[in-house]
Every structure is written in structure tokens, then in C-alpha cells.
Amino acid sequence: MIVINNLTKTFTRKNKKEKKKEKIVAVDHINLKINKGEIFGLIGPNGAGKTTTIKMLSTLILPDEGSMSVNGFDVVKDAEKVRNNLGVLAGEFTRALYWRLSGKQNLKFFANLRNMWDADERIDELIELFGLKEQENELIMKYSTGMKHKLALAVALLNDPPILFLDEPLTGIDPVTSFQLKNLIKDEFQDKTIIWASHNLYEIEEMCDRIALINDGKIVLEGSPEELKKKLWDYEKIVIVTDNTDAFTNINDVEIKNNVVEIKTKDVTNTLLGITNIVQKKNIRVEEIKTLRPTLEEIFMAGVKK
Ligand SMILES: Nc1ncnc2c1ncn2[C@@H]1O[C@H](COP(=O)(O)OP(=O)(O)OP(=O)(O)O)[C@@H](O)[C@H]1O
Ligand SMILES: [Mg+2]
């Protein structure tokens, strides 16, 4: 659905101190294939190149090198057709709304911009979907951040595009609104292909089928959260909290610190059986036992480490 080949973008920035221009390679030969119906997460430190990638894919800025296609259309040569397939929330997207218009008027305005002259039904449908009915006639300068996010998403969805680019769609909104929007996206957008950039790794793990970690404009890791976890640790950790740590000293790959026993194992079932045996035979009191896998945060840290 989305194919990116060798995508590159360099910005020049004036360095006032040294009075010369410096080059910043914001996106550095990125290759990606995103399948239909997939939610694809983009993660990476500040300045990694996520927004620049989304802006190029959205036809908002031109690449220096490489090519991209969206739903079969070349993003540079067929920009108009690409735009017709897209809904985009990028950069400071709520600023794109007209603060002196009501929510409903904003939707009408943007529908007209897209040559949708008979959009009343669609607009009502979106207002309903996002729960904005009560405030539809209020000026959006009075809207909360969460409501502005909902309205911006409604605008992006006006022409029911098959593809959505969401750059930090939930940043700055409260947990209840986030929860509503995530559920709405899960329930209503199943057929849509989505690129989702965020710093919230829980949100990324919950929402995305696959993810790419970008660092300094380059993709350093790519795969499903599950695949990336397996790549980072080809084992799992079993952690036991007990006062009788001595009973576990003979297990393979064990580390004991204070009252915590940590065992690395590739065969969790067998190791757990072994532990149960020890616990029963020696009649040990175990406070807590849990199995650990790496978090997306650990994967992120490992990926950006130089
Ligand atoms: N219009 C521009 N002119 C000059 N430099 C730019 C411009 N836009 C982006 N950059 C630079 O390109 C690099 C990548 O920025 P980008 O906004 O794509 O990062 P990001 O991954 O979205 O970061 P964040 O997580 O902070 O949103 C940064 O070094 C940024 O300063
Ligand atoms: Mg960004």
C-alpha cells in the first residue's frame, strides 16, 4: 500500500555563530513497505526524521532523493491523486483549524476546499462518531485540546481516505480521550492503512502491527513488537522474590541479589516446573513470581545506542 525507496531529505540551516550554512540529513535513505490494513508505528528520538518522512509522504515537502508510492500512485508525480487517498495529521495539526469558526463550520470549510459540496451527511456522521454533537456550533477556540484533536481527525477523515498518517495524534490529551480515540480507531478504521508516529511506546505497542525505529534519519530496527522483543532477548527472565534465595543457587543462568532471584531461560515451562519442585520440596515461601520480556523502551534504548 505504501512503498518507500531510498527516501532522503537534507535541510540547510544557518549557523549564526559560525556564519555558515550547515547541512542536516533529516531522512537518510529510508526503505519501507507498509501493507494494506496495517497500523505501522514510527518511533525515534526528537529530530530523528519521523515528521519529515510523513510530510514527504503527504506531498507537503519534496524529497531530494528516492521515491515513494501510496496506493499505487507516485507521491511526487501523482501528488493530486495521492492527496485524494490520504488523511493527514502532521506537525502542529490543530493550528490548521480555524479557531473563529465552529466545529461544524470547520468541517464544512474543509469539505468545500476538497470540492465536497454536498457533505452535510458525512459531516453529521463524523460529528456523531467523535462525540462532538453538543459542541458542534461552538467556536473551536473554546474547545479543549482533546476536542481539537477529535475535530482535526474528523477533518482528515472527511473523504473517508483509505490511508491515514497520524503524527503524534494523542500527544497532550487526557487518558479518557486517548482511550476513546484508540478504541474508535480500533473499531472503525480496521480497513485503513495507518502510519502512526509517537513517543508513547505503550500506545505504539497497543496500536501498531509493526514498527520502525528511526535514529538520525535511518531505520535502525523494524518488525512487529513481538519480533523485536525476540531479537533483543532470545530468552525470558523469571523473577522470584523470596527470603529463601539459597534454595535456587543451583539453577542454570541464575543471578541472586538481596531477596530477588533472576533466572534467564529459553524454556519457561520447564524452568517453572523446576522452580515449583524446589518450592514444594523445601517448603519455601515465595512472595512473588513473574516472567519478564523486554519492554519496547528497552528495545528503543538498545536501538539508539551508538
Ligand atoms: N524545515 C526545516 N528546516 C530545517 N531543518 C528542519 C526542518 N524540518 C525539520 N528539520 C530538521 O530535520 C531533523 C528531523 O526533524 P523531524 O521533525 O522530522 O524529526 P521528528 O523525528 O519528527 O522529531 P520529533 O520527535 O521531535 O517530532 C531535525 O534535525 C530537524 O531540526
Ligand atoms: Mg515530529
Does anyone have the angle between helix 268-282 and the longest principal axis of the chain? Alpha-carbon axes, 0 to 90°, nearest 10?
40
Compute a Gaussian network model of the chain, connecting alpha carbons closer than 10 Å, and tell me which residue from ALA156, ALA96, ALA48 fluctuates the most.
ALA96
Taking Cα atoms only, helix 145-156 is inclined relative to the longest principal axis of the chain by an angle, in degrees rounded to 10, of 60
Considering the Cα trace of the chain, what is its radius of gyration and what is Dmax, both in angstroms?
24.5, 78
Relative contact order of region 87-164, defined on C-alpha pairs under 8 angstrom at six or more residues apart (%)
49
Please list, ordered by chain and number, the residues whose modelled amide H lies under 5 Å from the amide H of ASN215; skip anything fewer than 5 residues away on the same chain.
VAL220
Which residues make up the longest stretch of the chain that has no GluC sites (Glu not before Pro) in a DSSP loop with at most 14 other Cβ atoms within 10 Å?
139-306
So the angle from the long Cα axis of helix 175-188 to the longest Cα principal axis of the chain, reported in degrees to the nearest 10, equals 80
ALA302 versus VAL220: modelled label distance in nm, points set 7 Å from Cα along the beta carbon direction:
1.3
Would you list, by chain and number, the lysines whose Cα falls below 25 Å from the Cα of LYS104, excluding same-chain residues fewer than 8 positions away?
LYS133, LYS142, LYS148, LYS150, LYS182, LYS186, LYS192
For the chain, what proportion of DSSP beta bridges, expressed in % and rounded to the nearest 5, is antiparallel?
70
Need the C-alpha centroid separation for region 173-216 versus region 1-62, integer Å.
20
For ALA197, distant residues with modelled amide H under 5 Å away:
LEU42, LEU166, ASP167, GLU168
Could you work out the relative contact order of region 231-304? I mean the mean sequence separation of Cα pairs under 8 Å and 6+ apart, divided by the number of residues, in percent.
41
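Any read-out appearing in this document is the output of simple, stated calculations on the displayed coordinates, not a laboratory observation. Remember, it's a predicted structure, so these values are computed and weren't measured experimentally. Don't worry about glycine lacking a Cβ; one is built from the backbone with ideal geometry, like all the others, and counts go over all protein chains shown.
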